[in-house]
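Any read-out appearing in this document is the output of simple, stated calculations on the displayed coordinates, not a laboratory observation. Since we're looking at a predicted model, the values are computed, not measured. As a convention, Cβ positions derive from the backbone with ideal geometry for all residues, glycine included, and neighbour counts pool all protein chains shown.
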Amino acid sequence: MVLLAFLMMITRQKAISQVVGFLSMENGLFLAATSATYGMPMVVELGIALDVLVGMIILGVFFFQIRDQFDSLDIRHMEKLKDN
């Protein structure tokens, strides 16, 4: 799983598929760590924290891209489109 995720990170051109590869590799490392030992609670907490951190970074990038494209994050602009 780790090697396939690493291959996905290397060969893909889009940032989203590279992030999916990174998260798959991180989850594969977690699976290998928990299967090799009888449980690692600190590793579990660090893995969840890393997933949340990467998710927040991706959401931030999306929000900045939306704001740059549409000059606002206000959804009232979308309601105007719906009314037309």
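Considering each residue of the stretch 9-24 in turn, at least one proves to be touching a Phe, Trp or Tyr at 6+ places or on another chain (Cβ under 8 Å) and assigned to a helix (DSSP H, G or I). Out of all the residues in the stretch 5-17, which are surrounded by fewer than 15 Cβ atoms within 10 Å (Cβ to Cβ) and under 22 Å from ILE48 (Cβ atoms)? ILE16 - this is the single residue of the stretch 5-17 that is surrounded by fewer than 15 Cβ atoms within 10 Å (Cβ to Cβ) and under 22 Å from ILE48 (Cβ atoms). TYR38 meets all of the listed conditions (1) surrounded by 11 or more Cβ atoms within 10 Å (Cβ to Cβ); (2) among the aromatic types (Phe, Trp, Tyr); (3) out of contact with any helix residue (DSSP H, G or I) (no Cβ under 7 Å at 6 or more places or on another chain) but one, namely (1). Scanning the stretch 29-60 for residues that are in contact (Cβ under 8 Å) with a residue 12 or more places away in the chain and within 14 Å of VAL19 (Cβ to Cβ) returns LEU50, ASP51, VAL54, ILE58.
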